[in-house]
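Chemist: I have a structure I would like to understand better, so I am pasting it below and will then ask my questions one at a time.
Each value in this text was obtained by applying a stated rule to the coordinates, not by laboratory testing. Given the structure is predicted, the values throughout are model-derived calculations rather than measurements. Ideal geometry is used to build each Cβ from the backbone, glycine not excepted, and the neighbour counts take in all protein chains shown.
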């Protein structure tokens, strides 16, 4: 709608993970190198974590684009809410193996033969699990057991676990300590800084065809507000900028002013700070624990008041003595 007005060849702020729009911050470059190295050197387990919207899926798409499909085949699990059997059926099917009517043991045998055959041909096999923070402990255990398929020199299956910070918390749990010890490489994505946000917006505009306009369409004051309301999260930056361009176009404005960003922030309720909610907040056991903590705090307060009262009584017997002076 606004492309002709701003002389753009494509929409610069689509939220779909298009590898052409990868903006290489230090963190993103390090993560991409870690993923690529882990796959190419057959390291086995690689973990990538980051907050919602920081570019994890985009980075995985870039990795898969870099890998040569002539010698690399991959299964991509994007819906991780699966039972152990469904999980094995999914990855076997994605590798092109028959799954109908197969038991768990038959699926594992088929996967094992498939991986060995590819290894003998010096081919690489990759399993990418997106949204891995949703995996149940049972499925994560199945993932760990898949890495038992190995030779004396290397792993037959390269596994990328990609998820939100909750994945780190799961991997830190006692029951998954064996899985955690098998992780060869880890990378974490962070939100963009203000300077990175400026570079990110300008780079996307340039790729969309803005050329010389890329540095003037969003002035510094506007970019500061974009960074403030997006908190440096690329997906939110895209949403804000896309809607800001639509609003600016409706006003026939060639420059996106700060007041437009304020309007977008209001429309998307970006002024409301959201706090992470504990997954176990509704757990009765957690409520009992919280009530016990409150009781202990109340008892502590009463003891403190009682101690202060008992300490103040002798002072009342000596009118000339100040509270901070010792009584001898």
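Chemist: Roughly what would the spin-label model give for residue 267 and residue 123, points 7 Å off Cα along C-beta, in nm?
Modeler: Here the modelled spin labels are 4.9 nm apart.
Chemist: Compute the projected area of the convex hull of the Cα atoms of region 123-210, averaged over all viewing directions, and report it in nm² to one decimal place.
Modeler: About 8.6 nm², averaged over all directions.
Chemist: With Rg and the Kirkwood Rh both taken from Cα atoms, where does Rg over Rh land for region 2-99? Please list the in-between numbers first.
Modeler: Details: Rg = 16.8 Å, Rh = 16.0 Å.
Here Rg/Rh amounts to 1.05.
Chemist: Roughly speaking, what is the stretch gain from residue 154 to residue 113, that is 0.36 nm per residue apart minus the C-alpha to C-alpha distance, in nm to one decimal? Write out the running numbers ahead of the final one.
Modeler: Working: separation 41, 0.36 × 41 = 14.76 nm, distance 1.62 nm.
Net length gain for the segment: 13.1 nm.
Chemist: Moving on to the next point. Determine, from the Cβ-Cβ distance of residue 20 and residue 190 and an R0 of 30 Å, the FRET efficiency 1/(1 + (r/R0)^6), rounded to the nearest 0.05.
Modeler: Computed FRET efficiency for residue 20 and residue 190 comes out at 0.85.
Chemist: Moving to a separate point now. Given the Cα-Cα distance of residue 10 and residue 215 and 0.36 nm per residue of separation, how much length would full extension add, in nm?
Modeler: Here the segment from residue 10 to residue 215 would lengthen by 72.1 nm.
Chemist: Something else now. Region 194-267: percent of C-alpha pairs farther apart than 22 Å?
Modeler: Result for the distance tail: 10 percent.
Chemist: If I histogram all Cα-Cα distances within region 26-189 using bins 5 Å wide from 0, what percent of pairs lands in each bin?
Modeler: For region 26-189, the binned pair fractions read 2, 9, 19, 23, 22, 16, 7, 2, 0, 0 percent.
Chemist: A follow-up question, please. Evaluate E = 1/(1 + (r/R0)^6) for residue 100 and residue 136, where r is the Cβ-Cβ distance and R0 equals 30 Å; express this FRET efficiency to the nearest 0.05.
Modeler: 0.80
Chemist: Then there is this: Could you pull out which residues in region 198-231 have an amide N less than 18 Å from a spot 7 Å beyond the Cα of residue 1, following the Cα-Cβ vector?
Modeler: Counting backbone N atoms under 18 Å from the label point, the list is empty.
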